[in-house]
Each structure stands twice: as C-alpha cells, then as structure tokens.
Amino acid sequence: MTARIGVVTFPGTLDDRDTQRAVRLAGAEAVPLWHRDKDLKQVDAVVLPGGFSYGDYLRAGAISRFSPVMESVIDQAKAGMPVLGICNGFQVLTETHLLPGAMLRNNHLHFICRDQKLRVETDKTAWTADYEPGQEISIPLKNIDGRYVADERTLDMLEAEGRVAFRYLDMNPNGSLRDIAGITNEAGNVVGLMPHPEHAVEPLIGTGRTDGLGFFTSILKKLVDAR
C-alpha cells in the first residue's frame, strides 16, 4: 500500500504543487489538503509548504495557525504523526507551539533568495533519516521573516537534546541565532526548516542537485518500516 502524504494549501501558499511533486518523486501519494477541511483524509504524514499564508498579516503563520485543518494536524502531531513545515510552514509550527521559538524579520530587513549551504545535524528524525550527521547539502532559500530566535534556555535545551536539525554554513542569511536553519520536536516526528527542499529534488531545476529529495525518501522509509 502506497504511503499517503498530505500537503496543506492555505490562502497565499506558493509551493504546494512543488511539494506534491517532490512527494510523488519519492514514491509516495501526494494528497491535497484544504485549509478549511478538518478531515486529513487518512494521510500518514503532513507537509505544511512555503508561501505567504493569509498574506503574512499580523505575523507570518499567525492566522494559519487557527485554520480548521491545523486543529487536526496539531492533534495528530501530538499523537506521533510526522509533520514537516517548510519556510511558512515552519512559521506556522512555531505559532502552534509544536516547535519552540519564533521567526522574526531578517536582520538585514530584505527578502533573500539564494542557494543555501546547510549542515545536517541529526538523522534521528522522521524527515532526516536518509542523511548523515555532518553532511553538507545545498537547498534553495527564500524568505523575509526567516530569523529564528528563542531565549537562551530554549536554545541550550535544543542543543543539549540534539534537536537542532540543520545549520546554515558559509553565511547566516537572516541572523538566525546559533545559525539554526531547522529544528525538531523532542519525539522527532515534527521538523521545521526555512530552506525549501522541494526545490532541490530534480537536477534540471532549483540548485541543479537533488539534495532535498532525502526529506521525502526519509519519511517514506519511516512509514514503510512502521507498517
């Protein structure tokens, strides 16, 4: 039976189709989920893709957090369902408190779009098992509210518990504390990151590499192993 991965669309979402394609390339079935629907259609995992949901009014991800679909996503994530938040999806995950910290405006106050080098810090999550700790990958980055912040106690906790999933290399593009590009929850089923792995799954587009495909093959193997 093919694994089913839901991809949520909010008003203002930009990268849902790209994410669905990445899911299919990995060998899973992509299931579109609408923000007003509480029904998750019996999916095995959920991706919250990038974009500017609700125009980023109030604060990036602040309105999406109250969408009907998020009630179900929050409940299922707490019960162990794998959830990946990409860019705006990461912002939504911090707003729901499924992940700690917050996302602020880039420290240079400009939108940034570039290929970004990252270091994988852990393979102990549902979304990073196909990578090696210390592996360097290149993933497209595009955001204006991408600066990850948290208090020192939270940052120390993330470091001590091995919950920093990715760090920026060569340059910090937005002023994120401790060069953090992505984090995971304690259970390892919820991951959020600012760069866009769905734009690095085919050699003809994005970075010209397939460094992002591992996110989607990782979750597929996790789901298959769980059956």
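Rule-based calculations on the coordinates, nothing more; no lab input. This one's a predicted model, so the numbers in the text were calculated from it and none came from an experiment. We place every Cβ from the backbone using ideal geometry, glycine too, and count neighbours over all the protein chains shown.
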Hydrodynamic radius (Kirkwood) for the chain, which is based on Cα pairs only, to one decimal in Å
16.9 Å
Residue 165 long-range amide H proximity, modeled H, under 5 Å:
182, 183, 184
The extension gain from residue 111 to residue 151, computed as 0.36 nm times the residue separation minus the Cα-Cα distance, is 11.9 nm
Would you work out the relative contact order for the chain, in percent, from Cα pairs under 8 angstrom that are 6 or more residues apart?
20 percent
Quick one: work out the % antiparallel among DSSP beta bridges in the chain, nearest 5.
55 percent
Phi-based couplings in Hz for segment 15-25 (Karplus 6.51, -1.76, 1.60; Gly and Pro marked x):
10, 5, 5, 4, 5, 4, 5, 4, 4, 5, 4
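Quickly estimate the mean residue ellipticity at 222 nm for the chain, helices only: each DSSP H run with n ≥ 4 gives -39500 (n - 2.57), and the total goes over all residues, rounded to 500. Don't jump to the answer; show the numbers that get you there.
Values: 5 runs with 53 residues, N = 227.
Taking each H run of at least 4 residues, the total per residue is -7000 deg cm²/dmol.
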Kindly write out, for segment 40-54 in residue order, the coupling ³J(HN,Hα) from the Karplus curve 6.51 cos²θ - 1.76 cosθ + 1.60 (θ = phi - 60°), rounded to whole Hz, with x marking Gly and Pro.
8, 6, 6, 6, 9, 7, 9, 10, 9, x, x, x, 9, 4, 6
Evaluate the distance, in nm, between pseudo-label points positioned 7 Å from the Cα of residue 221 and of residue 161 along their respective Cα→Cβ axes.
2.5 nm
Distance between Cα centroids, segment 61-120 to segment 171-200: provide it in whole Å.
9 Å
Step through the residues of segment 102-113 one at a time and calculate ³J(HN,Hα) from phi using the Karplus curve (6.51 cos²θ - 1.76 cosθ + 1.60, θ = phi - 60°), rounding each to whole Hz and writing x for Gly and Pro.
8, 10, 10, 4, 3, 5, 8, 6, 10, 5, 10, 9
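For residue 104 and residue 25, what does the FRET efficiency come to when R0 = 25 Å and r is the distance between their Cβ atoms, rounded to the nearest 0.05? Could the numbers behind the result be given before it?
Details: r = 33 Å, r/R0 = 1.32.
It comes to 0.15.
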With springs only between Cα atoms under 10 Å, which of 205, 139, 63 fluctuates most in a Gaussian network model of the chain?
205
Where in the chain is the longest stretch that carries no chymotrypsin sites (Phe, Trp or Tyr not before Pro) classed as loop by DSSP and with at most 14 other Cβ atoms within 10 Å?
112-227
Within straight cross-link reach of residue 221, meaning Cα distance under 24 Å, which lysines are found once same-chain residues fewer than 8 apart are removed?
41, 78, 124
Taking a label point 7 Å from the Cα of residue 41 along the Cα→Cβ vector, which residues of segment 1-16 have an amide N closer than 15 Å to it?
2-10, 16
